[in-house]
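Have a look at the structure below, then the notes.
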Amino acid sequence: ELKVEQNPLFLSMQEGKNYTIYCNYSTTSDRLYWYRQDPGKSLESLFVLLSNGAVKQEGRLMASLDTKARLSTLHITAAVHDLSATYFCAVDIRTQGGSEKLVFGKGTKLTVNP
Amino acid sequence: DTGVSQNPRHKITKRGQNVTFRCDPISEHNRLYWYRQTLGQGPEFLTYFQNEAQLEKSRLLSDRFSAERPKGSFSTLEIQRTEQGDSAMYLCASSLSGPVETQYFGPGTRLLVL
């Protein structure tokens with residue numbers, strides 16, 4: 001059974017600092033996603049990573065994928081308060097029946113303090 | 001706004017009652033997913049439709065749960081004889097099959113079973 005582990009689960013950081021969230025997964029997958037969720041809200045897609053070595057950046061967030069290590073990172077640069085949210089990584093797996101589903105990590109709750 | 005919509009947004013019911021949720025996907029999307037999210041956890045896959053065909057059901061989906069997607073458009077998720085353990089956020093997502101596929105999530109239906 002595929003397992004997706006994120007760490008840390010809770011992250012409190014000061015504005016202006018840098019930090020990295022890690023996502024490890026236990027089996028081969030074609031795609032890895034990062035989503036953001038604000039309290040009481042649904043999930044917003046941030047990044048889709050499709051291949052080994054893929055790197056994508058949007059604003060202060062940068063995501064990378066190492067399929068050999070089964071590891072993805074989400075790096076936060078010069079954090080600002082607006083980045084406070086819960087961040088999920090999710091791995092796409094294809095079943096024998098041809099369907100696809102996302103398996104999510106538990107999420108990293110990020111709080112950026114002034 | 002042409003995103004994924006879900007109704008109702010909130011539902012409070014008594015144990016033993018039946019409830020039905022509706023999801024309207026993004027109009028051109030052929031794939032539709034249901035997930036369940038409990039507090040402090042990532043979403044867990046429940047079921048998947050490609051067009052009108054239900055291709056996979058999670059073991060989490062007991063016999064009390066049934067989902068349909070008539071004509072490959074909107075979908076309904078029904079829970080019969082609700083239990084307190086069914087209390088959760090029920091999320092619907094849709095996607096268009098392709099090489100860069102992203103699941104877009106609706107706002108969710110928060111269910112509370114008393």
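From the list A:PHE47, A:PHE88, which residue is at the interface with another protein chain (Cβ under 9 Å from one of its Cβ atoms) and either in a strand (DSSP E or B) or surrounded by fewer than 18 Cβ atoms within 10 Å (Cβ to Cβ) (or both)? I'd like the intermediate steps shown before the answer.
Values: A:PHE47 fails: at the interface with another protein chain (Cβ under 9 Å from one of its Cβ atoms).
Testing whether each residue is at the interface with another protein chain (Cβ under 9 Å from one of its Cβ atoms) and either in a strand (DSSP E or B) or surrounded by fewer than 18 Cβ atoms within 10 Å (Cβ to Cβ) (or both) leaves just A:PHE88.
Only one of these conditions is not met by A:LYS41: (1) within 11 Å of chain B (Cβ to nearest Cβ); (2) more than 18 Å from A:THR111 (Cβ to Cβ). Which number is it?
(2) is the only condition that A:LYS41 fails.
Restricting to the range B:74-110, and then to whatever is hydrophobic (A, V, I, L, M, F, W, C) and in contact with a Ser or Thr (Cβ under 6 Å, 6 or more places away or on another chain), can you tell me which residue is nearest to the other protein chains (Cβ to nearest Cβ)?
Here the residue is B:PHE105.
Filter the range B:23-76 down to the residues that are among the small types (Gly, Ala, Ser) and without any contact (Cβ under 8 Å) to a residue 40 or more places away in the chain, then identify the one that is nearest to A:TYR87 (Cα to Cα).
B:GLY42
Is it the case that A:ALA79 is under 10 Å from the mean Cα position of the chain (by Cα) and either assigned to a loop (DSSP other than H, G, I, E, B) or more than 10 Å from chain B (Cβ to nearest Cβ) (or both)?
no
So B:TRP34 clears everything in (1) more than 12 Å from every other protein chain (Cβ to nearest Cβ); (2) aromatic (Phe, Trp, Tyr); (3) touching a Cys at 6+ places or on another chain (Cβ under 8 Å) except one condition, right? Which one?
Unmet for B:TRP34, out of (1) more than 12 Å from every other protein chain (Cβ to nearest Cβ); (2) aromatic (Phe, Trp, Tyr); (3) touching a Cys at 6+ places or on another chain (Cβ under 8 Å): (1).
Across the range A:59-76, which residue is surrounded by the fewest Cβ atoms within 10 Å (Cβ to Cβ) among those that are out of contact with any strand residue (DSSP E or B) (no Cβ under 7 Å at 6 or more places or on another chain) and not hydrophobic (A, V, I, L, M, F, W, C)?
A:LYS68
Tell me which residues, restricted to the range B:69-84, are over 10 Å from the mean Cα position of the chain (by Cα) and at pLDDT 95 or above.
Going residue by residue through the range B:69-84, those that are over 10 Å from the mean Cα position of the chain (by Cα) are B:69-74, B:79-84.
Those that are over 10 Å from the mean Cα position of the chain (by Cα) and at pLDDT 95 or above: B:ARG69, B:PHE74, B:ILE79, B:GLN80, B:ARG81, B:THR82, B:GLU83, B:GLN84.
Assuming A:ASN52 fulfils every condition listed in (1) away from chain B (no Cβ under 11 Å); (2) within 23 Å of B:THR38 (Cβ to Cβ); (3) assigned to a loop (DSSP other than H, G, I, E, B) apart from one, which condition is it?
(2)
Return the residues of the range A:80-114 that are out of contact with any helix residue (DSSP H, G or I) (no Cβ under 7 Å at 6 or more places or on another chain), under 23 Å from A:ASP66 (Cβ atoms) and aliphatic (A, V, I, L, M); say none if nothing qualifies.
The answer is A:ALA90, A:VAL91, A:ILE93, A:LEU102, A:VAL103.
Please go through the range B:43-76 and pick out each residue that is among the β-branched types (Val, Ile, Thr) and within 30 Å of A:THR108 (Cα to Cα).
B:THR47
Can you name the residue in the range A:91-114 that is within 14 Å of chain B (Cβ to nearest Cβ) and surrounded by fewer than 17 Cβ atoms within 10 Å (Cβ to Cβ) and is also nearest to B:PRO43 (Cα to Cα) among such residues?
In this case the residue turns out to be A:LYS106.
Does any residue in the range B:1-14 that is more than 15 Å from B:LEU112 (Cα to Cα) come within less than 8 Å, Cβ to Cβ, of a residue that is of a type in the set (Phe, Trp, Tyr) and assigned to a strand (DSSP E or B) six or more places away or on a different chain, and which pairs are these?
Within 8 Å, the pairs are B:GLY3/B:TYR104; B:VAL4/B:TYR104; B:VAL4/B:PHE105; B:GLN6/B:PHE21; B:GLN6/B:TYR90.
Determine whether the range B:103-113 contains at least one residue that is without any contact (Cβ under 8 Å) to a residue 60 or more places away in the chain and at negative phi. Please lay out each step first, then the result.
Within the range B:103-113, the first condition is being without any contact (Cβ under 8 Å) to a residue 60 or more places away in the chain, and the residues that meet it are none.
No, that holds for no residue.
Restricting the search to the range B:47-68, which residues are away from chain A (no Cβ under 13 Å) and in a loop (DSSP other than H, G, I, E, B)?
Once the filter is applied, which keeps residues that are away from chain A (no Cβ under 13 Å) and in a loop (DSSP other than H, G, I, E, B), the range B:47-68 yields B:GLU52, B:SER62, B:ASP63, B:ARG64.
The values are calculated or read from the model by the stated rules, or taken from the named source; none is laboratory data. Because the structure is predicted, anything quoted here is derived from the model rather than measured. Positions of Cβ are backbone-derived with ideal geometry, glycine not excepted, and every protein chain shown enters the neighbour counts.
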